[in-house]
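What follows is a single structure, written as structure tokens, with notes after it.
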Amino acid sequence: MVWAILIVIFILVATSLAIRRGLYHNTLMRMFFYLTLCGLLPLLLQVVISWPFGETAGWTAAGLWWGLMVYGALLGWKHIVVRTSDCESPLLPAAFDGYRILQLSDIHIGTFGRNPSTIKKMVDMALNQHCDLIVFTGDLVNVSASEVIPFMHELSRLNAPDGIFSVMGNHDYCEYGMGASNENTGHSGESNAHRNQRILEYMEQKAGWRLLMNENVEIERHGEKIALIGVENISKPPFPKYGNLPKAMQGLPKGMFKILLSHDPSHWRRGVLHSTDIALTLSGHTHAGQLKVGRFSPAKWAYHEWGGKYTENGAMLYVSLGIGGTMPFRIGAWPEINIITLKKR
């Protein structure tokens, strides 16, 4: 048993070093992920449980863990649910009382290449909600804009009376793929990553989505308006920071009801809360670690706000657990479509 654990740890360390040296590839990431969940953790669980309760109990616990992991890898990552929440604010115009926003996040669409029916299911479920507005809070792809091509028809079916708006997530800059660095340029001198960004922006436009790049739009209903703000990704290292919130808010009056689309929820506490009058921030990014039991998720070790609704000083943050991930796996943190209903307080 000790030798098995040491071998798994050695492979994990080697994989981690390869990733840190820039050899980022989905195969390596998935190897690291599954070796941890299905190799190291159940072996450690077997040792821990066997010590006080005997080997039979240890292997039973390891077997139950393996069963959960198999479910998460085969079915859990395709089990889409709809979650609802309310946002109450005195800043909300009366005309928008009851206004419904559908949030999608973190589709990581390349992961569904062999399971396109899940994307169709997501679109059908979204359309069945009949919301006023659809927003997407980043990470449409894993590493390349080409991942979207087989799904253009399905994504183009999404529609809402007030449109579909999106922002960039850290993966949408296409800087993680092999050969994506700025040194890898074509005849034009443009990096592969930047070329992918342009193509992704074009495909979102062709699908009928409007990508907000540090800018805002106003939505009007019966002569009253609210503002929708979109920033590029704002994260702490090692994730990129390209967003500019002051630029994105230019021209918006103080006291207007404002909704911010910002991929990384850590931006809320660092640059939105206590610094602006934004009433509602919608984020994603964490996936709740794709593993959640009750209110526990390993994501809480990395993020203060990692899933669901948070309120403070009259402002609200909602963190979607998203639809996909670079790893086709979920337990408890099921893929979700989020419905936010605005209510005047």
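The values are calculated or read from the model by the stated rules, or taken from the named source; none is laboratory data. These figures come from a predicted structure and were not determined experimentally. Using ideal geometry, Cβ is built from the backbone for each residue, glycine included, and neighbour counts are taken over all protein chains shown. Heavy atoms of the whole protein, side chains included, go into the accessibility calculation; ligands, DNA and RNA do not. Shrake-Rupley method; radii C 1.70, N 1.55, O 1.52, S 1.80 Å.
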Accessible surface of R195 in the full protein assembly, 1.4 angstrom probe, to the nearest 10 Å²?
60 Å²
Just to be sure I understand: if I project the alpha-carbon convex hull of the stretch 222-343 onto a plane and average over all orientations, what area do I get in nm²?
8.6 nm²
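Express in nm, to one decimal, how much length is gained between T84 and H274 on full extension, taking 0.36 nm for each residue of separation and deducting their alpha carbon distance. Mind showing how you got there, number by number?
Values: separation 190, 0.36 × 190 = 68.40 nm, distance 2.58 nm.
Full-extension gain reported as 65.8 nm.
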Can you run phi through the Karplus equation (6.51, -1.76, 1.60; θ = phi - 60°) for the stretch 75-82 and list ³J(HN,Hα) in whole Hz, with x for Gly and Pro?
10, x, 6, 10, 8, 7, 10, 10
For A315, the residues 5 or more places away or on another chain with a placed amide H closer than 5 Å to its own amide H are none
Show T276, T56 ordered by accessible area, largest first, where the area counts protein heavy atoms only and the probe is 1.4 Å.
T56, T276
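Carbon and sulfur atoms: what percent of the 1.4 Å accessible area of the stretch 131-271 do they account for? Let's see the in-between values first.
Values: 3090 of 6160 Å².
Answer for the stretch 131-271: carbon and sulfur cover 50 percent of the accessible area.
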Placed amide H near E215: partners under 5 Å, 5+ positions off or other chain:
G230
Amide H within-cut-off set for Q129, under 5 Å, with H built and near neighbours excluded:
none
Under a 1.4 Å probe, counting only protein heavy atoms, V48 has an accessible area in Å², nearest 10, of 100 Å²
Theoretical gain in end-to-end length, I149 to R221 [0.36 nm per residue, Cα-Cα removed]:
22.4 nm
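What pairs from K258/K292; K247/K300; K300/K344; K241/K309 go past 29 Å between their alpha carbons? Walk me through the numbers before you get to the answer.
Details: K258/K292 31 Å; K247/K300 31 Å; K300/K344 31 Å; K241/K309 24 Å.
Correct reply: K258/K292; K247/K300; K300/K344.
Which net charge results when you count Lys and Arg as +1 and Asp and Glu as -1 among the other residues whose beta-carbon is under 15 Å from that of N244? Mind showing how you got there, number by number?
Values: positive: K241, K247, R270; negative: E215, E232, D264.
Counting the neighbours of N244, the net charge comes to 0.
May I ask for the net charge around G230, where only other residues with Cβ less than 10 Å from the Cβ of G230 are counted and Lys, Arg are +1 while Asp, Glu are -1?
Numbers: positive: R210; negative: E215, E232.
Around G230, the surrounding residues sum to -1.
So, counting K/R as plus one and D/E as minus one, what does the shell of residues with Cβ under 12 Å around L127 add up to? Intermediate values should be presented prior to the final figure.
Numbers: positive: K120, K121, R157; negative: D124, E154.
Counting the neighbours of L127, the net charge comes to +1.
Fully extended, how many nm does the chain gain between K236 and W59 (0.36 nm per residue separation, minus their Cα-Cα distance)? Walk me through the intermediate numbers first.
Values: separation 177, 0.36 × 177 = 63.72 nm, distance 4.03 nm.
That pair, K236 and W59, stretches by 59.7 nm at full extension.
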What percentages, rounded to whole numbers, describe P(r) for the stretch 255-318 computed over all alpha carbon pairs with 10 Å bin width beginning at zero?
23, 52, 22, 4
